[in-house]
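Enquirer: Just passing along the structure, written as structure tokens.
The values are calculated or read from the model by the stated rules, or taken from the named source; none is laboratory data. Being a predicted model, the structure only gives us computed values, none of them experimental. Don't worry about glycine lacking a Cβ; one is built from the backbone with ideal geometry, like all the others, and counts go over all protein chains shown. The protein model used for the area step is the full one, side chains on, heavy atoms only, and it has no ligands, DNA or RNA in it. Shrake-Rupley method; radii C 1.70, N 1.55, O 1.52, S 1.80 Å.
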Amino acid sequence: MMGDLSTHFSREEFACQCGCGRGFNDGDISPDLILHLESMRSKIGRPIIILSGCRCPPHNSNVGGVLGSVHTMLPLEASDLRVYPGAHQHAMTKAAFSEGVMGYGVKFGSYIHVDWHNGSVLSRPAIWGY
């Protein structure tokens, strides 16, 4: 897949799922996030599926996101990524930590949250489970 942000990623993958348009504007998505995700993709040797990127505050609330979620901050520095139990989840986790992930959340066998937030709003580094 060719992307409009990088070789493998497009704005559409990171846009708010409510249809408000958040994520489609220049500057909405951090170039550093895309560099980290491209590097992770290269390390695991397979596509990365973005489950959630940008969220407007109402959509964040509707999906049960925490108040002040990094998903609502622009430019976006976070993504929830599909993982499968076992070797895939291990490879994704290893790749994220090799990229210096600052926020890491895991719902075992379902998804991981990765962010490279600098800690100016939310305490980082941090690890949590869902």
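Enquirer: Per residue, what accessible area does the range 26-67 have, given a 1.4 Å probe and all protein chains present, in Å²? Display every interim value, and only then the final one.
Expert: Numbers: 2280 Å² over 42 residues.
Computed with neighbouring chains in place, this is 54 Å² per residue.
Enquirer: Continuing with the same structure: Taking amide H atoms as placed 1.01 Å from N in the peptide plane, list the residues 5 or more away in sequence, or in a different chain, whose amide H sits under 5 Å from that of Ser52.
Expert: Result for Ser52 returns Asp80.
Enquirer: Quick one: which residues, 5+ away or cross-chain, put their amide H under 5 Å from the amide H of Val83? H built at 1.01 Å from N.
Expert: It is Ser110, Tyr111, Ile112, by chain and number.
Enquirer: What number results when the radius of gyration of the chain, computed over Cα atoms, is divided by 2.2 N^0.38 Å? Numbers along the way, then the final one.
Expert: Working: Rg = 13.6 Å, N = 130, 2.2 N^0.38 = 14.0 Å.
My calculation over the Cα atoms of the chain gives 0.97.
Enquirer: In addition: Quick one: Karplus J couplings for the range 29-35, per residue in order, coefficients 6.51, -1.76, 1.60, θ = phi - 60°, nearest Hz, x for Gly and Pro?
Expert: Ordered by residue, 3J(HN,Hα) equals 10, 5, x, 5, 4, 5, 4 Hz.
Enquirer: Evaluate the charge dipole of the chain about its Cα centre and quote only its size in Debye, nearest 20, assuming +1 on the Cβ of each Lys and Arg and -1 on the Cβ of each Asp and Glu.
Expert: Numbers: 10 positive and 11 negative charges, 88 e Å.
So the magnitude is around 420 debye.
Enquirer: Moving to a separate point now. State the Kirkwood hydrodynamic radius of the range 54-130 in Å, one decimal place, computed from all pairs of distinct Cα atoms. Please report the intermediate quantities before stating the final value.
Expert: Details: mean 1/r = 0.0779 Å⁻¹.
So the Kirkwood estimate lands at 12.8 Å.
Enquirer: Let me ask something else about it. Applying 1/(1 + (r/R0)^6) with R0 = 25 Å to the Cβ-Cβ distance of Lys107 and Cys20, what FRET efficiency is obtained, to the nearest 0.05?
Expert: Details: r = 25 Å, r/R0 = 1.00.
According to the calculation, E is roughly 0.50.
Enquirer: Which residue fluctuates most in the GNM of the chain (Cα springs below 10 Å): Gly19, Gly65, Gly53?
Expert: Among Gly19, Gly65, Gly53, the largest GNM mean-square fluctuation belongs to Gly19.
Enquirer: Run the accessible area of the chain with a 1.4 Å probe and give the carbon-and-sulfur part as a rounded percent. List each step's numbers first, then the result.
Expert: Values: 3750 of 6680 Å².
C and S atoms contribute 56 percent here.
Enquirer: Using modelled backbone amide H atoms (1.01 Å from N, in-plane), which distant-in-sequence or interchain residues come within less than 5 Å of Arg22's amide H?
Expert: Cys16
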